[in-house]
Amino acid sequence: MVTGSNIPTAAEVGPNPVQIIDRPTIERSGERTAEQLLKDLPIANANGVPISSNNGALSQGASSISLRGLDPGATLVLIDGRRVTPFPSGTADGSELFIDLNSIPVAAIEGIEILKDGASTTYGADAVAGVVNIKLRRNYNGAEASIEYGNTTHHDSNELAASLVFGVGQGDTSLSGVINYYRRDAIFDRDRSYSKVADPLSSNSDPYNLELSRAAVIAAGGNPDPSLGDTFFGHAPFFGNGTAPASAYTYTAGRSVSFNIQKFTSVFPASERYGGFINAEHKLFGDKMVLYGDLFYQRDNVHNEQAPSNTNDFEQSAGVVIAIPPHAPGATLGGPTYVETGVTPGAFNPFNPFQQIISGATRARLVDFGNRMFDNDTDAFFTTWGVKGDKLFDGSWGYDLGLRYSRIQSTINFLFPSATKFNRVLNAADPIFDPTSPQYIGTTIPFNSFGDYRRPIASNRKLLDFVRVHAEEPDTGTLTTADLNIYTTDLFQLPAGGVGLAFGAQFQHETIEQDPSKAQVQGDLVGAGLYSPVKGSRDEDAAYAELSIPVFGSEF
């Protein structure tokens, strides 16, 4: 039992608030994933890491349980009573680590024990909210196959789950195993009436919300209201083709164009999982010495999409500054300077109707470069080896000596526009547009930022492969534990019963490494933010002793 006691009889008595979910209950539930099984329980709450609406995080497709309204890092998840390494990318903001439920196939679960109370005094700070112990199947004799198919009522998210459970056991040796496969298609916000419109809409839009200077607008033939002051916002005509004059622009005091990101965003990722689990036991001297071991592997491939990249303010305190060069080379009329934006003197963009560098508080949505793509591939592995015995000496003593190694590598692949390359395609004087240059990319036409994505500009599409970049971040976590537990249920007798004793020791070595790409560290992925590399390790040594003294007999 997951009560924190290493004395067998201590788990059988007392008012421990433990909920037990056995295999028949799991089968009757109809749930196809461990995430669905656990997060549908009343004890679980919304603070857990969700698989849905999580497409901006590094934990793509991962999920956790959270008990008693606390954060996921406060719920300890064990597998067969032992720890495994947490998901190495952490929660959405990277502040907490958690055990990924989606790396545990339902077909491999024999039962679940949930301690619905704080257990930090026994397990540590990661058990403040409670403990979940997932017990995997073992000592199975025979074979069973299962295949399930489902879909939404909208017919847009096919779900397939298949598994094979097998086992043989005669006499002193037993071998059990599970092979599983799971796949589910994505769901997009636009396909549901309740989620197809964002609230609020985004000011990162297309047409762009341009921060403009009065001098540049007047010189270009625009006619802004005098009350707007020297700096204001403007946008190109809706459904324009990028060639509208300044006189056709709309000028306002604030950003006036909004963008519905729900039209593009997936709310539920496409996922595919497969793997297997096998365990074996062999009795050398009956119950007094039993050798045991297991191997577990699970692969999880997740594809998620976000709306096209949002720039936020072109000129930010962190990351790469985005700037559209003036209409022609030379002096500018108001607006940011060449020094402030890093624009090279001589740079120009003929589609910019204004003789100013457009940057500052300008905001845009880079729809021409498509959705932001996330592909997360996770490999989860653990193995356990040990020896245990029971009924020693007078029949009340037992022991368990075990070693477990677990490892998770989560590699997330980004397909995003590069801010540095976007700046280059905005500059018609860049060597990439010069047919005589070795950097020539096959077109002489720079990027036109002054249209409307609903009327695509053909020349912009030719720049897609140059501007979009693949970035990769592999995150890896490992955990090695060695533990010894010796116990007796009858150290000596008292009038109320036998005194229980348990003592032992544990060693734990943990590592974590997050290795973002250079583009992530430099803030060069538009709409992705800044990332920092992380690398660390820690060792923990512990010794314990536990005593159970009966005070009253069974008649009380």
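The values are calculated or read from the model by the stated rules, or taken from the named source; none is laboratory data. In this text, all values refer to a predicted model and were calculated from it rather than measured experimentally. In this analysis, Cβ positions are derived from the backbone assuming ideal geometry, glycine residues included, and neighbour counts consider all displayed protein chains. Side chains included, ligands, DNA and RNA excluded: accessible areas come from the protein's heavy atoms. Shrake-Rupley method; radii C 1.70, N 1.55, O 1.52, S 1.80 Å.
Quick one: in region 112-141, which of the residues that are at positive phi and surrounded by fewer than 20 Cβ atoms within 10 Å (Cβ to Cβ) is farthest from the chain's Cα centre (by Cα)? I'd like the intermediate steps shown before the answer.
Of region 112-141, the ones at positive phi are 124, 130, 139.
Applying the additional criterion that residues be surrounded by fewer than 20 Cβ atoms within 10 Å (Cβ to Cβ) yields 124, 139.
Values: Gly124: 25, Asn139: 34 Å.
The extreme case among them is Asn139.
Quick check, is Phe422 closer than 30 Å to Gly319 by Cα, of a type in the set (Phe, Trp, Tyr), part of a helix (DSSP H, G or I) and touching a residue at least 40 places away in the same chain (Cβ under 8 Å)?
yes
Inspect region 453-462 for any residue being under 33 Å from the mean Cα position of the chain (by Cα), open to solvent by less than 30 Å² (accessible area, probe 1.4 Å) and within 30 Å of Phe238 (Cα to Cα) and give the result as yes or no.
Yes, the conditions are met somewhere in region 453-462.
Every residue in region 300-325 that is over 14 Å from Leu366 (Cβ atoms) and touching a strand residue (DSSP E or B) at 6+ places or on another chain (Cβ under 8 Å), please.
Asp300, Asn301, Val302, His303, Asn304, Glu305, Asp313, Ala323 - these are the residues of region 300-325 that are over 14 Å from Leu366 (Cβ atoms) and touching a strand residue (DSSP E or B) at 6+ places or on another chain (Cβ under 8 Å).
List the number of the failed condition for Ala11; all other conditions in (1) closer than 30 Å to Gly497 by Cβ; (2) among the aliphatic types (A, V, I, L, M); (3) open to solvent by less than 10 Å² (accessible area, probe 1.4 Å); (4) at pLDDT below 80 hold.
(3)
Please go through (1) open to solvent by less than 10 Å² (accessible area, probe 1.4 Å); (2) of a type outside the set (S, T, N, Q); (3) over 22 Å from the mean Cα position of the chain (by Cα) for Gly90 and return the number of the only condition it doesn't satisfy.
Of (1) open to solvent by less than 10 Å² (accessible area, probe 1.4 Å); (2) of a type outside the set (S, T, N, Q); (3) over 22 Å from the mean Cα position of the chain (by Cα), only one is false for Gly90: (3).
Just for region 18-32: of the residues that are free of Cβ contacts under 8 Å to residues at least 60 places away in the same chain and not acidic (Asp, Glu), which one is most open to solvent (accessible area, probe 1.4 Å)?
The qualifying residue most open to solvent (accessible area, probe 1.4 Å) is Arg28.
State the number of residues belonging to region 477-526 that are open to solvent by 10 Å² or more (accessible area, probe 1.4 Å), hydroxyl-bearing (Ser, Thr, Tyr), part of a strand (DSSP E or B) and at pLDDT below 95.
Residues in region 477-526 being open to solvent by 10 Å² or more (accessible area, probe 1.4 Å), hydroxyl-bearing (Ser, Thr, Tyr), part of a strand (DSSP E or B) and at pLDDT below 95: 1 in total.
Can you report the number of residues in region 186-226 which are open to solvent by 80 Å² or more (accessible area, probe 1.4 Å) and either under 30 Å from Thr152 (Cβ atoms) or of a type outside the set (S, T, N, Q) (or both)?
Selection size over region 186-226: 11.
Against the definition (buried (at least 20 other Cβ atoms within 10 Å of the Cβ), of a type outside the set (S, T, N, Q) and under 30 Å from Arg454 (Cβ atoms)), how does Val257 come out, yes or no?
On the way: buried (at least 20 other Cβ atoms within 10 Å of the Cβ): yes; of a type outside the set (S, T, N, Q): yes; under 30 Å from Arg454 (Cβ atoms): yes.
Yes, satisfied.
Taking Thr332 as meeting all but one of (1) polar (S, T, N, Q); (2) more than 38 Å from the chain's Cα centre (by Cα); (3) modelled with pLDDT under 95, write down the number of the exception.
(3)
Identify, by number, the condition in (1) over 22 Å from Ile278 (Cα atoms); (2) crowded, with 16+ Cβ neighbours inside 10 Å; (3) of a type in the set (Ser, Thr, Tyr) that Tyr181 doesn't meet.
Going through the list (1) over 22 Å from Ile278 (Cα atoms); (2) crowded, with 16+ Cβ neighbours inside 10 Å; (3) of a type in the set (Ser, Thr, Tyr), Tyr181 breaks only (1).
When the residues of region 52-87 are narrowed to those that are within 9 Å of the chain's Cα centre (by Cα) and open to solvent by 10 Å² or more (accessible area, probe 1.4 Å), which ends up modelled with the lowest pLDDT?
Looking at residues that are within 9 Å of the chain's Cα centre (by Cα) and open to solvent by 10 Å² or more (accessible area, probe 1.4 Å), I get Gly56.
Hey, could you check region 527-556 for residues that are open to solvent by 90 Å² or more (accessible area, probe 1.4 Å) and closer than 30 Å to Thr411 by Cα and say which is modelled with the lowest pLDDT?
Residue satisfying both the conditions and the ranking: Leu530.
Just the residues that are surrounded by fewer than 16 Cβ atoms within 10 Å (Cβ to Cβ), at negative phi and of a type outside the set (D, E, K, R), please, taken from region 227-236.
Going through region 227-236, the residues surrounded by fewer than 16 Cβ atoms within 10 Å (Cβ to Cβ) turn out to be 227, 229-231.
Those left that are additionally at negative phi: 227, 230-231.
Selection gives Ser227, Thr231.
Say whether the condition of being in contact (Cβ under 8 Å) with a residue 24 or more places away in the chain and over 19 Å from Gln306 (Cα atoms) is met by at least one residue in region 192-201.
No, region 192-201 has no match at all.
Can you tell me which residues in region 362-394 are surrounded by 19 or more Cβ atoms within 10 Å (Cβ to Cβ), aliphatic (A, V, I, L, M) and closer than 15 Å to Gly527 by Cβ?
Of everything in region 362-394, those that are surrounded by 19 or more Cβ atoms within 10 Å (Cβ to Cβ), aliphatic (A, V, I, L, M) and closer than 15 Å to Gly527 by Cβ turn out to be Ala364, Leu366, Val367.
Determine which single condition Leu295 fails, assuming it passes every other condition in (1) in a loop (DSSP other than H, G, I, E, B); (2) hydrophobic (A, V, I, L, M, F, W, C); (3) modelled with pLDDT of 95 or more; (4) open to solvent by 40 Å² or more (accessible area, probe 1.4 Å).
(1)
If you check every pair at least six apart or on different chains, which have Cβ atoms under 6 Å apart with a residue in region 326-350 that is of a type in the set (Gly, Ala, Ser) first and a residue that is open to solvent by 30 Å² or more (accessible area, probe 1.4 Å) and in a loop (DSSP other than H, G, I, E, B) second?
Ala328/Phe348; Gly342/Val321; Gly346/Pro329; Gly346/Ala429; Ala347/Ala429
Output the number of the condition that Thr436 fails; it satisfies all remaining conditions of (1) over 38 Å from the mean Cα position of the chain (by Cα); (2) under 18 Å from Ala519 (Cα atoms); (3) of a type outside the set (A, V, I, L, M, F, W, C).
(2)
Just give me the residues in region 298-332 being hydroxyl-bearing (Ser, Thr, Tyr) and surrounded by 19 or more Cβ atoms within 10 Å (Cβ to Cβ), in sequence order. Spell out how you get there, then give the answer.
Step one: list which residues in region 298-332 are hydroxyl-bearing (Ser, Thr, Tyr), which gives 309, 311, 317, 332.
Within region 298-332, Ser309, Thr311, Thr332 qualify.
For Gly275, indicate whether it is in contact (Cβ under 8 Å) with a residue 12 or more places away in the chain and over 31 Å from the mean Cα position of the chain (by Cα).
Working: in contact (Cβ under 8 Å) with a residue 12 or more places away in the chain: yes; over 31 Å from the mean Cα position of the chain (by Cα): no.
No, not satisfied.
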